[in-house]
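The values are calculated or read from the model by the stated rules, or taken from the named source; none is laboratory data. Just so we're clear, the structure is a prediction, and the values are computed from it rather than from any experiment. As a convention, Cβ positions derive from the backbone with ideal geometry for all residues, glycine included, and neighbour counts pool all protein chains shown.
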Amino acid sequence: MDPQLLFQRLTIAAKASQDLASVFKYELCSHPSALFDISLLLRQPQKPVLADAIWALHTPGHVQYVLDGGALVQRIPWTRGSTYKDICKLYSEYVTRKYGEAVVVFDGYQGTSTKDMTHRRRAGGRVGATVTMDEYMPVTMNKDEFLANNTNKQQFINMLSGHLQKKNCQTYHAPVFLKQKTYTTQRTVTQIQTESAQERGHPFRMPGGTGH
């Protein structure tokens, strides 16, 4: 984890805060214990708790779902011998069946990111070889090892995005830019979808659950 990158992200958050002084009350060091464990990996957030709180707010009849693409990729098991097109079809059918014409936001995997530690933790030290893939190529590698290779993962989510778009789902790939660009992109996606849903009279919702 690059401490400078993390500091830039915290600075962005501070600019949106009404109480700037409170942001800097915590220890100012490269790896503060509030954020890092003893192995210097970022502590994992309690996302299920946050998701449960969001779901408990209300249950409207019509919603616009925004899905975490990273959690979605982990959701569906792969069958060895199936083609990548078959795998993408499983994902697109799952999304449209459960969430309708959803919005799916994927992480970018083409540069340094504040989520690099999360990606390494998920990989567990298992990284597969880089695969030059196409839709009709059969799956021959273990899913976890395939996705632990960032080049493979980027190729797959590019392919999956195309299949989701054919089902009238919108897809976004969060760029791995430094400073305010990543924050602005995430905020803009949320703002656009909220406004779009409100114009149609539909509330905006992000589904929760373990792994998001």
| Residue that is modelled with pLDDT under 50, in contact with a Phe, Trp or Tyr (Cβ under 9 Å, 6 or more places away or on another chain) and assigned to a helix (DSSP H, G or I), where the choices are 151, 182, 194 | 194
| said: Cβ contacts < 7 Å: first residue in contact (Cβ under 8 Å) with a residue 60 or more places away in the chain, restricted to segment 129-154; second residue exposed (fewer than 15 other Cβ atoms within 10 Å of the Cβ), any location; separation 6+ or different chain. Result? | reply: 139/80; 139/81; 139/82; 140/80
| request: Look at residue 106 and say whether it is surrounded by 15 or more Cβ atoms within 10 Å (Cβ to Cβ) and outside the structural domain of residue 137 (by TED's automatic domain parsing). | output: no
| request: Identify the single condition in (1) among the basic types (Lys, Arg); (2) within 25 Å of residue 95 (Cβ to Cβ); (3) free of Cβ contacts under 8 Å to residues at least 24 places away in the same chain that residue 47 does not satisfy, given that it satisfies every other one. | output: (3)
